[in-house]
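Asker: Right, I'll just put the structure down here and ask away after.
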Amino acid sequence: MAQAPIDLARFSADFARDGYVAITPLFDADTMAAINRELDRFIAEVVPSMPREEVYYEARGEAGTLKQLQKLNVYDDYFRAMCESDVICDLAEAALGEEAVVQNLQYFNKPAGIGQPTPPHQDGYYFHLSPCKAVTGWLALEPVDHENGCIHYVRGSHKADDFRPHGRSDVLGFSQGITDFGTDDDKANTVACPGDAGTFLLHDARIVHWAGANTSPTRSRRALGFVYFGRSARVDEAAKTAYKTRLEADLKAAEKI
Ligand SMILES: O=C(O)CCC(=O)C(=O)O
């Protein structure tokens, strides 16, 4: 993989200050073409045998509306190697200040015209960790902008003592959204992160972030999400399992998965 050289000391300082860093781009065009080919292969060959809890569609049963996949690293050697590669793990560890333990490699798509907004949320609210030491990497697989739903961060919001209040959202794949989002602070500190294919974002699990809908009639918005927990973080397994079980039962009852 060909990637841009990174000054890790500066990267860590920027991450600690803002709660995220954008590298524009991390990977060159040839590397991105190879990653996109592998993803197309994965979608054609592996997705048909994955459990439905890990494969979300905007319209269930319509292959062209695929919106989210979980655990690509578990199902496929190419994506496991990508998750474990030094280029991404070194960034995760520089941000965490400790060993990064691979958790999940996700696919996030917003299909043209119908891709839903990503509600404002904090990843840590979903993770049930103590301490909340975790980061997510987000790799744009194609150009991302305001039209197709680029990521937005509330800069510095990772420094708050507590999570913001979350409540059930209607968006499949992002079951919880911040209920009091839109304060003056949120507005003043919001930063959009558009970029070309190969743009790589890394964010703290406590930062508030969101993305718009895909309003383009022709362009999708494909991305990969890399989740790492810090070695010191402990999962509250009981709380996590109880929530997951409840959510999956609700989604099946509503015929969303
Ligand atoms: O791709 C998106 O729209 C959202 C991704 C996200 O929220 C995350 O990776 O934490």
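Asker: Tell me, Phe229, Phe127 in order of fewest to most beta-carbon neighbours within 10 Å?
Answerer: Phe127, Phe229
Asker: Here's a follow-up. Just tell me which lysines come within less than 26 Å, Cα to Cα, of Lys67; anything on the same chain fewer than 8 places away is out.
Answerer: Here the lysines satisfying the reach criterion relative to Lys67 are Lys110, Lys240, Lys244, Lys252, Lys256.
Asker: So how do Glu255, Glu147, Glu84, Glu58 line up by other beta-carbon neighbours within 10 Å, fewest first?
Answerer: Ascending number of Cβ neighbours within 10 Å: Glu255, Glu84, Glu147, Glu58.
Asker: Can I ask one more? Given the stretch 215-257, report the % of alpha carbon pairs whose separation exceeds 13 Å.
Answerer: Result: 74 percent of Cα pairs exceed 13 Å.
Asker: Further question on the same structure: Grab every C-alpha pair in the stretch 41-83, bin the distances at 5 angstrom width from 0 up to the longest one, and report whole percents.
Answerer: It works out to 5, 22, 34, 22, 12, 5, 0, in whole percents.
Asker: Just to confirm a number: summing +1 for Lys and Arg and -1 for Asp and Glu over residues other than Val191 whose beta-carbon lies under 9 angstrom from that of Val191, what do you get?
Answerer: Residues close to Val191 contribute a combined charge of 0.
Asker: If you plug each phi of the stretch 27-33 into the Karplus form 6.51 cos²θ - 1.76 cosθ + 1.60 with θ = phi - 60°, what whole-Hz ³J(HN,Hα) values come out, in order, with x for Gly and Pro?
Answerer: Karplus-based 3J(HN,Hα) across the stretch 27-33 equals 10, 7, 5, 5, 5, 5, 5 Hz.
Asker: Among Ile43, Ile207, which comes first, second and so on when ranked by fewest other beta-carbon atoms within 10 Å?
Answerer: Fewest-to-most ranking of Ile43, Ile207: Ile43, Ile207.
Asker: Ok, one more. Counting only Cα atoms, I'd like the Rg/Rh figure for the chain, Kirkwood definition for Rh.
Answerer: Reported Rg/Rh, Kirkwood definition of Rh: 0.93.
Asker: Stick to the Cα atoms of the stretch 117-257, pair each with every other, and give me the Kirkwood hydrodynamic radius in Å at one decimal.
Answerer: Across the stretch 117-257, the inverse of the average 1/r is 16.1 Å.
We did not get these values from a lab; they are worked out from the coordinates using the rules stated. This one's a predicted model, so the numbers in the text were calculated from it and none came from an experiment. All Cβ positions, even for glycine, are placed from backbone atoms using ideal geometry, and neighbour counts span all protein chains on display.
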